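The values are calculated or read from the model by the stated rules, or taken from the named source; none is laboratory data. Remember, predicted model here, so these are calculated numbers, not experimental data. Glycine gets a Cβ as well: all are built from the backbone with ideal geometry, and neighbour counts include every protein chain shown. Keep in mind that these areas ignore ligands, DNA and RNA; they rest on the heavy atoms of the full protein, side chains included. Shrake-Rupley method; radii C 1.70, N 1.55, O 1.52, S 1.80 Å.
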Amino acid sequence: MTIKSKRSVLPSHRFGVVAIVIIFAVSLFAVTAEQARADVVTDCSANVDHIATEGAEDDSSFDALQDRLSQEIIDWIRSMEGGYINEKVELRRSGDNHDGPRGILATDVIEAGEVICTIPWDIIVKPHPEDVEDDSCSTVRALYDDMKEERTPHGRYLKSMPRNFLTGWWSKSGRELLQQLVGTRLEPQGVWRYSWSDNNAAWGCDGPSDMHDHDELWSHAVAMVSGRADDHLLVPFYDMINHRNGEYYNTRHRIAEGQTYQLVAHRRIEAGEQLHQSYNQCTVCLNRHDEFGTAEMFLEYGFVESLPQRWYVHQVRLKFDLIE
């Protein structure tokens, strides 16, 4: 484990106590989180069955549905002028038996600098031209319309995603349990700030005028933009690539504003290796590089990241990397 501090010196006894407490808390969080989730799974996944899109009943499983919809996205992008998906990648479950999490994996060696995908600007879900350029709420409206009318393969794919994966959409009992787990000192704090109503109010996302309050699809659009967008841009195919730091982080993106969004390999990627991006240690992550760690990622994106992890203890201005 590598320890990095924002202070030049911490008293040794205080550092020792803090480190022991935090490491214990991280371990406790990892062990307890799964049981905590199981205890409230009925409440927290009340809408998880509403994942079907038109024709989904013809598929034998959710995996089959995802395979079909993701292949539609790949074919759609390749059919677009300027669209490109490298033939050396595939979307599937990871692991020797294909029983791990879904991700983008290399089927052959991808050399450093090789282009993985080029996404035409026109098919990126983004703010309306008349709205503020970085207005995420405008992106939500665009995605909502796409999913509601199933205009594109990307919209159909995102419509099929499970609901309620962010803490803000958990049940009241689920959020209470999480808050009890972290207490008043451990991250993530502010769980209650991220409820559906607070997200809606904070972004000013009132939804279409003819929409009923708490429209389930509108709520899902907010969650998708919050959990999958690159700031205010929701990029087809790119938003399927999982996060992981350290030696696993092997891609970087290049943006030609108004033209294309491109992903390239920043090192050699071996056959069978999964492609990863970084949500907090990328070259264009701004202040997230120094403020956004495992706990913040769980709160914002709804997953506990795989090792290596970065933890911030803001009260004592301490940060450390948990490698193994």
Filtering region 82-106 down to residues that are open to solvent by less than 30 Å² (accessible area, probe 1.4 Å) and without any contact (Cβ under 8 Å) to a residue 40 or more places away in the chain, which residue is farthest from Gln66 (Cα to Cα)?
Asn86
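Residue-by-condition table, conditions (1) at pLDDT 95 or above; (2) under 21 Å from the mean Cα position of the chain (by Cα):
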position: Ile73; (1), (2): yes, yes
position: Val89; (1), (2): yes, yes
position: Arg92; (1), (2): no, yes
position: Asp99; (1), (2): no, yes
position: Arg102; (1), (2): no, yes
position: Thr107; (1), (2): yes, no
position: Ile110; (1), (2): yes, no
position: Gly113; (1), (2): yes, no
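Residues checked against (1) touching a residue at least 12 places away in the same chain (Cβ under 8 Å); (2) in a helix (DSSP H, G or I); (3) surrounded by fewer than 20 Cβ atoms within 10 Å (Cβ to Cβ):
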| position | (1), (2), (3) |
| --- | --- |
| Asp145 | no, yes, yes |
| Lys148 | yes, yes, yes |
| Arg151 | no, no, yes |
| Tyr157 | yes, yes, no |
| Pro162 | yes, no, yes |
| Phe165 | yes, no, yes |
| Gly168 | yes, yes, no |
| Ser173 | yes, yes, yes |
I'd like to know if region 253-263 contains one or more residues that are assigned to a loop (DSSP other than H, G, I, E, B) and within 19 Å of Ile323 (Cβ to Cβ).
no
Suppose the filter is at pLDDT below 85 and surrounded by 13 or more Cβ atoms within 10 Å (Cβ to Cβ); does Ser138 pass it?
no
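Residue-by-condition table, conditions (1) buried (at least 19 other Cβ atoms within 10 Å of the Cβ); (2) more than 22 Å from Ser136 (Cβ to Cβ); (3) not charged (D, E, K, R):
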site: Ala223; (1), (2), (3): yes, no, yes
site: Asp230; (1), (2), (3): no, no, no
site: Val235; (1), (2), (3): yes, no, yes
site: Leu263; (1), (2), (3): yes, no, yes
site: Asn280; (1), (2), (3): yes, no, yes
site: Arg317; (1), (2), (3): no, yes, no
What are the pairs with Cβ atoms under 7 angstrom where one residue, in region 110-134, is of a type in the set (Val, Ile, Thr) and the other, located anywhere, is part of a helix (DSSP H, G or I) and open to solvent by 20 Å² or more (accessible area, probe 1.4 Å)? Sequence gap at least six, or different chains.
Val125/Ala142
Go through (1) open to solvent by 40 Å² or more (accessible area, probe 1.4 Å); (2) at pLDDT 90 or above; (3) basic (Lys, Arg) for Arg310 and report which single condition fails.
(1)
Specify which of the listed residues (Gly258, Gly246, Gly272, Gly227) is in contact with a Phe, Trp or Tyr (Cβ under 6 Å, 6 or more places away or on another chain), farther than 22 Å from Trp169 by Cβ, of a type outside the set (Phe, Trp, Tyr) and in contact (Cβ under 8 Å) with a residue 40 or more places away in the chain.
Gly258
Take Arg252 and decide whether it is touching a residue at least 24 places away in the same chain (Cβ under 8 Å), open to solvent by 30 Å² or more (accessible area, probe 1.4 Å) and of a type in the set (Lys, Arg).
yes
